Amino acid sequence: MTSSAEDRPRLAITAGRGRPLHSVPPQATPGQVTGLRAEAQIAALGVGAWPAYGTAAWLSLEPTDPRCYAATLEAAELWRRMDADPDLSDAEWYAAVFGDARRVASQLAAATNRIRRMREIHEERAKPRPARQLKATPGWPPIAIPGQPGRYLVHGQETTA
């Protein structure tokens, strides 16, 4: 996908409206504050133009180039704006998206508490267990008897090992 600076949406900074964010308007919603913060960060970088995020021009920028960060920040803010439902206030949107998050979190915490802890598992594994009784299986090769080099357990010739 090719993109030029003219045919893609831009943040307000490119229109000359960006400024450092020193205070937030009292009536601003959390989403608007996020947008203002993105514009203020780009204004603080002091860049006026940057390639679109994900393009070859953007990939060729050095990671320390402020235009790289500006493009990334712009893409994140535009994605946030696209994902936001314009018919819902921020509070209603959060309630719609994360409405039962507390219930799910409490269920997850309860389930996590039921899982044995790693220390309990290690302690259980450290307890001595009875030795496994060796038994040869028909059709399988002989079993070497531990601690008795050269002795094997063969099916049909089992004795107590």
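Taken together, the values in this text are just the output of simple stated rules run on the coordinates, not laboratory data. Everything numeric in this text was worked out from a predicted model, so none of it was measured.
Quick notes
- Under a 5 Å amide H cut-off, with hydrogens placed 1.01 Å from N, ALA144 pairs with LEU153 among residues at least 5 apart or on other chains.
- Contour excess over end-to-end distance, with Cα ends at ALA144 and GLN107 and 0.36 nm allotted per residue: 8.3 nm
- Stretching the chain fully between GLU62 and ALA96 yields a gain of 8.3 nm (0.36 nm per residue, less the alpha carbon separation).
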